[in-house]
Every structure is written in C-alpha cells, then in structure tokens.
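Heads up, the thing below is written out as structure tokens.
The values are calculated or read from the model by the stated rules, or taken from the named source; none is laboratory data. Everything quoted here is computed from the prediction, not taken from an experiment. So basically every Cβ, Gly included, is an ideal-geometry build from the backbone, and we count neighbours across all protein chains shown. Accessible surface areas use protein heavy atoms only, side chains included; no ligands, DNA or RNA. Shrake-Rupley method; radii C 1.70, N 1.55, O 1.52, S 1.80 Å.
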Amino acid sequence: MTTEHVARTVQFKIYRYDPDKDAAPYMQDISVQLEATDRKLLDAIVRLKSKDDSLSFRRSCREGVCGSDAMNINGKNGLACLTDVDSLKQPIVLRPLPGLPVIRDLIVDMTQFFKQYHSIKPYVVNNTPPPERERLQSPEEREELNGLYECILCACCSTACPSFWWNPDKFVGPAGLLAAYRFIADTRDEETNERLDNLEDPYRLFRCHTIMNCVDVCPKSLNPTKAIGKIKELMLSRAV
Ligand code: SF4
Ligand code: SF4
Ligand code: FES
C-alpha cells in the first residue's frame, strides 16, 4: 500500500500574517493528521484549517480550473489542488505568491496582475457587422489558439517572473502577454495593429528577458515565452 492510502502526519511551515494582529509576518510550524482520502496539498490545507481556523487562503474548484489556490510551495509557484501532498519534501513550506502585496497569510492582492491583464483588451474586437449565424474560423485558424486560450489566470507565471517583480506597474507580465497574443492570433479580431502599438514600449513587452521561469511553473503547461517571442516577431516583421 502506498503512503497516499493511509492516515499519516504531515509537517508544515506556513507564512502567517494578519495585519490586524501581527506586527510582522512569521513562519508557523504546524503538523496535521491526514486521512487516507487526502491526496492533494489542498486537502491537507483544508484539514489544517479545521485545526487552526485562523489560516487564510483562497480556493474554489479544487481541480485546476479556477486558479485561485496558487501559492509558493517549497519555493516554487503552483496550485495546491493539483499538487500531490505526498510528493513534497517536509516540512512543506507554504508562502504567498511572491511579488504581490499580502492581504493575509496566503492571500495576495491580485489588483496589479488583473490591471495588466485588462490593459491588453482581453476580448475580440470586431466592428464589422456579424454574419447571420456566427463569425467562422477554419480548423487551422482555430488551431492557432491552442495553448493560448487555456490560461486560468492563476498568476503562478507572472509572480515567478523577475521582470514582473521589478516593474509590476509597467511590464504586462507573462500571463497578460500570453493573453495579448491569444487575441492577436485570433483571425476574428480586427485590432492586430493597435494591439502591437499598445505593447511597443521599452517596458510593456520588452522587459521580458526570456528567463523562462513562467514556462517552468505554469500548471496548465502553457508557454508564455513562446507567445512573447511571436509578438516580438510580428513587431519586427511590420517594422521592415
Ligand atoms: S520568459 Fe519573460 S515573461 Fe517569462 S519569466 Fe522570463 S522574463 Fe518573465
Ligand atoms: S499562463 Fe499558466 S501560470 Fe500563467 S496565469 Fe495562465 S495558467 Fe497560470
Ligand atoms: S482550487 Fe481552483 S485551481 Fe485549485
């Protein structure tokens, strides 16, 4: 029988900070008894919450769809609901996503992240009157969007990106740039040029130094670096 199928005790070290009570953040050592059915890190954190109900974290879908339980797990960003708790070295060190202000414990303020996402106009712009039924794409045109549209906006990538840490107000970041390319690549969108203009700036796009931390942490196996490269190529090709 593997360890996943038995009750076991797991040790944690968790970043704690309640601005209403704590003068400064601290790391809490805590252990929890898991049941045989507890497989994922999120199961363990929910168990921890029943032991210490002051622990704050976000979660919703518990299956890698909502993106809300992104956190820094043993030094690497990821989703608690997709991480096998038994695969982690103990004590399991949990911290909030790096580079964003902490609201409380594992909850960060995502305002800057979503500001950047909204700045790329994350929707199809098409002012041509629509045909009777729908705006069609060929299978090949639709294929171009694979690997771009699946982003769940968990922010694991942008908060692992040094360029985003230093300039979160200026650099769009990997998640926003992946979304930007998703609409640039969409044949139904009519604003390709405006979208490229919007990114042609020393910071918004060109702060990416191809370090690829974003690719390494994406829980959906997406590749923002590749999308960023394609935007750069398009900018170069329209410049000649
Ligand atoms: S490849 Fe670019 S966007 Fe991705 S982590 Fe590195 S600097 Fe950031
Ligand atoms: S690209 Fe991946 S890591 Fe980044 S926000 Fe989207 S799903 Fe999360
Ligand atoms: S709880 Fe929704 S992605 Fe993990």
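Could you say which residue among Asn213, Asn223 is within 10 Å of ligand 1 (Cβ to nearest atom), open to solvent by less than 70 Å² (accessible area, probe 1.4 Å) and at pLDDT below 95? Step through it out loud before you land on a result.
Working: Asn223 fails: at pLDDT below 95.
The conditions single out Asn213.
Quickly run through the range 14-31 and pick out the residues that are open to solvent by less than 70 Å² (accessible area, probe 1.4 Å) and of a type in the set (D, E, K, R).
Arg16, Asp18, Asp22, listed by residue number.
Out of all the residues in the range 1-29, which are aliphatic (A, V, I, L, M) and over 17 Å from Ala80 (Cα atoms)?
First, the residues of the range 1-29 that are aliphatic (A, V, I, L, M): 1, 6-7, 10, 14, 23-24, 27.
Correct list: Met1, Val6, Ala7, Ala23, Ala24, Met27.
When you look at Asp189, is it within 16 Å of ligand 1 (Cβ to nearest atom), of a type in the set (Asp, Glu), more than 30 Å from Leu41 (Cβ to Cβ) and open to solvent by 10 Å² or more (accessible area, probe 1.4 Å), yes or no?
When the stated conditions are applied, Asp189 does not pass them.
Can you list residue pairs whose Cβ atoms sit under 8 Å apart, with the first residue in the range 23-44 being more than 24 Å from Ser68 (Cβ to Cβ) and the second being part of a helix (DSSP H, G or I) and open to solvent by 40 Å² or more (accessible area, probe 1.4 Å)? Count only pairs 6 or more apart in sequence or on different chains.
From residues that are more than 24 Å from Ser68 (Cβ to Cβ), the pairs are Gln33/Arg47; Ala36/Glu4; Ala36/His5.
Within the range 112-171, track down each residue that is open to solvent by less than 50 Å² (accessible area, probe 1.4 Å), of a type in the set (A, V, I, L, M, F, W, C) and more than 16 Å from ligand 1 (Cβ to nearest atom).
Residues satisfying the conditions are Val125, Leu145, Ile152.
Residues that are of a type outside the set (A, V, I, L, M) and within 15 Å of ligand 3 (Cβ to nearest atom): does the range 25-33 have at least one?
No, the conditions are met nowhere in the range 25-33.
Which one is farthest from ligand 2 (Cβ to nearest atom) among residues in the range 40-57 that are buried (at least 17 other Cβ atoms within 10 Å of the Cβ) and part of a loop (DSSP other than H, G, I, E, B)?
Filtering first and then ranking leaves Leu55.
Just the residues that are within 10 Å of ligand 3 (Cβ to nearest atom) and open to solvent by less than 60 Å² (accessible area, probe 1.4 Å), please, taken from the range 72-100.
Within the range 72-100, Gly78, Leu79, Ala80, Cys81, Thr83 meet the criteria.
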